[in-house]
Amino acid sequence: MMKQFLQLSIQFALFYGYLALCHNSVRAEESWTKTGELKYPLANVSFNGIWEPSSGLRIKIDSTNSARSVLITLKPKNCRFVPSPSSEFPSYPLEAIQYNPDALPATSLTNALITLKFRPEAWAVYLEDRPVIVAPPPFYPPLLVFQPGDQIPAYSTNFYIRKVEEKIQYENNFFETGNETNLLAGLNIESGTWRLHSVLDTVQLKGETIKSKKSVLQPEFSPNFYSLRGEGTNAIITGGYDFYDMYSFESGVELVPGEMGLVFLFKDQTSYFGYTAKVDEESEEVILSLWKQSGGPAGQRYIYDAVSVPLTMRQWVKLRVKLFLNRVECYLDKTKVIERDLELPPGGKFGLYATSQNGVRFDDLCVKSNHDLELQTLNDIRRYTIVENGNFFPKQSFFKLFSSSTENPVLNVPKTRYPQWLVLGSPLHRERVFSADFAISSDIYSIGLLAGYQDTSKSYLRFLCSHTPTNETFTLEKVTSSNTVEVLENLSIEVSSQTKEPYGKVRLMWDTTNEGEMRMYKNNTLVLIHHPSSDITGAAGLYVGPFTKATISNLVYQTERTDVYKNKYEKNRRFIEDPYMRHWSSPEGEWLELPNKEIWHKEDVFGRFVLRMPFVPGSEIHAGVEEGKINGPVWLEATRNELIVRTGKDRKQSIVLGRVSTDKLASLPQLTETDPKNIPGYALHYEGYWLWLTSGNQVLFKSRLEKPLTGTRIRIAGFTTDQLKYSWVERYSVKDYLFTECLHEWVINGGIWEVVNRFHCDPKWSNMNGESTNATAALWTKYKFKGDFCVELYAGMRHGWYDRCGDMNITIMNHATSPSLGYTVTCTGWDPDESQLYTRLYRNGCVVAETDKYLAPRRREQNVRRGYEPLIREGRPVHGAWYYIKLRRKGNRLEYYFDNELAFTYDDPEPIKEGGFGLWTFMNSIVVARVRIAAEEIVPLHHTFKPVTLSASDKSTVSSDTLESKSVITKDGNPISLTQTSLWDAGDPISQGRISWHIDKERGPYFVFRNILGSGTMFTSADIPPVQRSQLAGWKFFVKCTPTAQFNFYYSAGKMSKDGKYIPRQKFFHRITGPSLSSPDFKIS
């Protein structure tokens, strides 16, 4: 084996040397002309050259800071990217260079466009806007670019430099701040009509008018006042610059009849890419497609991929494209629906697209640089490899830029006597998240991740997980250039029969996205926390220790965490300082002082949190408080001279974890210009086993707890309400909605949900409103919540609907969009008498708890507001009131609160483990200021989709024309068979029912009726002319249904009026699978 290894090494060295000799000989013989100089680290440079397929093109790039150089050869059968001299590149991965010779032109060009892209992750070479070579950066600018004199055109354009910012960021939610007069700043109309859509437009579309002469709707009194509206055919509005390349671009869009979506890499109207949704009013599916337009609006559209997704009309969704060097990913909300490797041009602008005569609304545009690495295939991983020490890849001598889709995306690392490592990314990278799955076949192993790797002359970090049958050790090491090791962090856990995990897949992750922190995880549990003295800059890597065999997969290299959800900070000072809104908008509103003077955080805290507090001598903080107790296992007390952090059951049995002198405390940031500047404060951090204290940029102390906190409550003492204005509780595993964005994270299920004016008397204020005059108006989140939870809702009544306060209803742990599933609470719910007496808890549709306690104000009792809300001013029981509703579950117990008073409890012997969340009302109009859902775990729901060929039709269904063309048997002009498409209609706007027609060989036409959403009536009716009772023997029909479908058959008997109109006198229903009790207007037959 040793002999073979030496032989391979010598052959490789000879090959490398041959390339270098070739390079040197070319330099000696060829006359190079300086084309240009680049000083910027991130840039595109463009120039021209003479292209001959037989001789190709050559480019030389020299570093101005070293002797390093690269010779680039573009030739159909001989593409090369050769660094030299070899002594300057001892570890450069030649195997990572990838070529795309198919992109080279087949004919001669006298003025071919050459583009070089210099990025931290890779260099890319383009000819005529097509990628030819992608390689790891052999060095970084400043640099010089040369061409052979005989390959420079006689009339060559200048050496054109486009400096690229490290972070591209453009956001536009069309929010009026008072300082921004042009809300379309940064956008250019290319075609069609584009204008702002305001709350006033929405009010007018509802058929309402603003009658007040005192005030008008004002943006500064609204959470989301404007959106963008585009209409026309191929209407396009763009932003950015033509050199924007690797970026992520997203926008909320409302699904209406027509086509709408995103355009990207936009050069002009003759050349751009698109990702759009095509909506047909008659279809229950939306077609999403990735395409390229060439030749202008009347030119050719080439569709790369398309999928169909079951979606209903008038829903808001978030469309997103994520661009890599030569890959496009398309997302619908959080679901990746299309992924395609493509030859992408060097860059282009971003924009919005609409084809609709009635207009399409967009909102919440966001464009930002994409420095994530696509690592789905071995070819991807090779592309970004800068060091390989060991056996991670199969050996190849030539690598194509585009790999086979069947390639196995795993790294099979064999067991050796030596450690092996692979380095990915760029030495310039900062603030990253890196993770990987390790499949292990033994309970003795050593695996890890690298961070901050720059080159062999500098130190880097190594996060290790070492496992034996009796012990598991986590270590963060600093590895120097001389391979000496300094242990920075260490944690050893004894493995017992109770704590032993089955070996198999281990997921390791480090996270440096929070400034001044490096968090390290095993299987999503924080095992180490490190606070470096400076930013961690450099590439990431994989490590496999001696005598360890591992299969590595699912590599993720990103600039931000996508699995973290936390609460939001209300930025609108008008809401924060309003005496009737402070309890839901301000920092002090997070706390509740009870009549007994105890101060509690109002919400449950599941896992990770940061508690920022002003320093107040004599104050205390108790974290992780269990149910029924007032003290937690961890508490902080502030004396005049120090902060003391303790753990234990009580003060006598406590252990001091740390003491910090108050002299070390930095000042808290000012919330407003009028706030005091020198308020000292601190932040208490917690996650997993770890607790630490910071102030400003200082880490004051850090300690590992014996076990994670299991209590979810926080109690404080010694703070006044004014002092709590400077507090801030940052909770994780929380979805927090202030309705400052469009409803792209919600499913609209009946009613009208829009931001409209709350008051008629003073219409300047606007809020999210859900309204239905005769049925249900519901919103359902696009997330799933697992384990214990805490739901908070701040809601009130819209002006004009004060006669029946209530029906501010919530549902959680439902697995479909229906209140009859999961836990549902109807708050002062509707009944036929409108008594406003009862609030009920339903579990999967059955009442399990009920109270007649006075909650929402009752009209028969003069709409008096009760409850306990000490922070707000009195005087608004209904008009302008925001009620606080909370439903929480801890273990088996559910508790429901209204305005901080307990209404009822319920002990569930079999708690529902997971499900969604919804808020809804019934024949009412409510306004919603804030919704927060905290849970032990939150995951996004994923859309179902299927690939489609746009020219293909569904063979299982038939068109209306086909059905109606069949011979119809009639009697007295009336059809005997009622299965005719012209007769049936499914018009319920809540359930969004759909009818699809089919033909059975024996029985003829039939239809399938489906409820797309929950709730509603699941109602379809036949528009048939009346039949004389004497001529009617009855109805005969065949029915099949799903097990949970509940429906009955309804009919009526009556007489004809003199003017020929049918007047029903008696109404009946025949029970099939639905309830035996129906509307009082119908009798069972």
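The values are calculated or read from the model by the stated rules, or taken from the named source; none is laboratory data. Keep in mind it's a predicted model, so treat the numbers as computed, not measured. Positions of Cβ are generated from backbone atoms using ideal geometry, with glycine treated the same way; all protein chains shown enter the neighbour counts.
What the table shows:
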{"item": "Residues that are under 24 Å from residue 774 (Cβ atoms) and among the hydrophobic types (A, V, I, L, M, F, W, C), drawn from region 811-846", "result": "816, 821, 825, 827, 830, 837"}
{"item": "Residues of region 909-925 classified as within 17 Å of residue 791 (Cα to Cα) and either touching a residue at least 24 places away in the same chain (Cβ under 8 Å) or surrounded by 22 or more Cβ atoms within 10 Å (Cβ to Cβ) (or both), total", "result": "10"}
{"item": "Selection from region 481-491 of residues that are polar (S, T, N, Q) and either more than 16 Å from residue 463 (Cβ to Cβ) or surrounded by fewer than 11 Cβ atoms within 10 Å (Cβ to Cβ) (or both)", "result": "481, 482, 483, 484"}
{"item": "Selection status of residue 809, polar (S, T, N, Q) and within 22 Å of the chain's Cα centre (by Cα)", "result": "no"}
{"item": "So residue 218, is it surrounded by fewer than 19 Cβ atoms within 10 Å (Cβ to Cβ) and closer than 30 Å to residue 160 by Cβ", "result": "no"}
{"item": "Residues that are touching a Lys or Arg at 6+ places or on another chain (Cβ under 8 Å) and assigned to a strand (DSSP E or B), drawn from region 996-1016", "result": "996, 1004, 1005, 1009, 1010"}
{"item": "Strands (runs of 3 or more DSSP E) wholly inside region 104-163 that include at least 2 residues being of a type in the set (A, V, I, L, M, F, W, C) and surrounded by 20 or more Cβ atoms within 10 Å (Cβ to Cβ)", "result": "109-118, 123-127, 130-135, 143-148"}
{"item": "Breaking point among (1) without any contact (Cβ under 8 Å) to a residue 60 or more places away in the chain; (2) assigned by TED's automatic domain parsing to the domain that holds residue 505, for residue 439", "result": "(1)"}
{"item": "Candidates 727, 695, 703, filtered to the one that is without any contact (Cβ under 8 Å) to a residue 40 or more places away in the chain, farther than 19 Å from residue 795 by Cβ and small (Gly, Ala, Ser)", "result": "695"}
{"item": "Strands (runs of 3 or more DSSP E) contained in region 298-384 and holding at least 3 residues of a type in the set (D, E, K, R) and crowded, with 21+ Cβ neighbours inside 10 Å", "result": "349-369"}
{"item": "Residue tally, condition of a type outside the set (Asp, Glu), in a loop (DSSP other than H, G, I, E, B) and surrounded by fewer than 22 Cβ atoms within 10 Å (Cβ to Cβ), over region 830-871", "result": "19"}
{"item": "Search result, residues across region 570-599 that are basic (Lys, Arg) and part of a loop (DSSP other than H, G, I, E, B)", "result": "571, 597"}
{"item": "Pairs with Cβ under 7 Å, 6+ apart, first in region 129-141 and under 20 Å from residue 49 (Cβ atoms), second of a type in the set (D, E, K, R) and in a loop (DSSP other than H, G, I, E, B)", "result": "130/343; 131/343"}
{"item": "Residue satisfying all of: in region 1017-1039; within 30 Å of residue 286 (Cα to Cα) and either among the basic types (Lys, Arg) or part of a strand (DSSP E or B) (or both); farthest from the chain's Cα centre (by Cα) among these", "result": "1022"}
{"item": "Unique match (being in contact with a Cys (Cβ under 7 Å, 6 or more places away or on another chain), crowded, with 19+ Cβ neighbours inside 10 Å and farther than 29 Å from residue 471 by Cα) among 588, 603, 570", "result": "603"}
{"item": "Conditions (1) touching a Leu at 6+ places or on another chain (Cβ under 9 Å); (2) at pLDDT below 95; (3) surrounded by fewer than 20 Cβ atoms within 10 Å (Cβ to Cβ); number of the one not met by residue 98", "result": "(3)"}
{"item": "Qualifying residue in region 305-319 (condition: in contact with a Pro (Cβ under 6 Å, 6 or more places away or on another chain) and among the aliphatic types (A, V, I, L, M))", "result": "yes"}
{"item": "Unmet requirement for residue 818, which otherwise passes all of (1) more than 30 Å from residue 222 (Cβ to Cβ); (2) buried (at least 18 other Cβ atoms within 10 Å of the Cβ); (3) at pLDDT 95 or above", "result": "(3)"}
{"item": "Residue check, residue 928 at pLDDT 95 or above and surrounded by 16 or more Cβ atoms within 10 Å (Cβ to Cβ)", "result": "yes"}
{"item": "Test for residue 491: is it over 30 Å from residue 739 (Cα atoms), of a type in the set (A, V, I, L, M) and modelled with pLDDT under 95", "result": "yes"}
{"item": "Selection count, region 734-777, where residues are crowded, with 22+ Cβ neighbours inside 10 Å, in contact with a Lys or Arg (Cβ under 7 Å, 6 or more places away or on another chain) and in a loop (DSSP other than H, G, I, E, B)", "result": "2"}
{"item": "Pairs, first within 17 Å of residue 314 (Cα to Cα) in region 1004-1019, second of a type in the set (Lys, Arg) and crowded, with 19+ Cβ neighbours inside 10 Å, C-beta under 7 Å, six or more apart", "result": "1012/994"}
{"item": "Residues satisfying the stated conditions in region 1055-1077, i.e. surrounded by 10 or more Cβ atoms within 10 Å (Cβ to Cβ), among the polar types (S, T, N, Q) and not in a strand (DSSP E or B)", "result": "1073"}
{"item": "Filter pass, residue 616 being in contact with a Leu (Cβ under 6 Å, 6 or more places away or on another chain) and more than 22 Å from residue 736 (Cβ to Cβ)", "result": "no"}
{"item": "Residue in region 525-533 that is touching a residue at least 40 places away in the same chain (Cβ under 8 Å), assigned by TED's automatic domain parsing to the domain that holds residue 645, crowded, with 21+ Cβ neighbours inside 10 Å and closer than 26 Å to residue 491 by Cβ present", "result": "no"}
{"item": "Residue match in region 601-611 (condition: more than 24 Å from the chain's Cα centre (by Cα), over 22 Å from residue 692 (Cβ atoms) and assigned to a loop (DSSP other than H, G, I, E, B))", "result": "yes"}
{"item": "Qualifying position, being modelled with pLDDT of 50 or more, within 26 Å of residue 142 (Cα to Cα) and over 50 Å from the mean Cα position of the chain (by Cα), among 30, 37", "result": "30"}
{"item": "Of residues in region 426-461 being surrounded by 24 or more Cβ atoms within 10 Å (Cβ to Cβ) and part of a loop (DSSP other than H, G, I, E, B), the one nearest to the chain's Cα centre (by Cα)", "result": "432"}
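Yes/no matrix, rows are residues, columns are (1) hydroxyl-bearing (Ser, Thr, Tyr); (2) surrounded by fewer than 21 Cβ atoms within 10 Å (Cβ to Cβ):
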{"residue": "581", "(1), (2)": "no, no"}
{"residue": "611", "(1), (2)": "no, no"}
{"residue": "615", "(1), (2)": "no, yes"}
{"residue": "628", "(1), (2)": "no, yes"}
{"residue": "637", "(1), (2)": "no, yes"}
{"residue": "642", "(1), (2)": "no, yes"}
{"residue": "646", "(1), (2)": "no, yes"}
{"residue": "662", "(1), (2)": "yes, yes"}
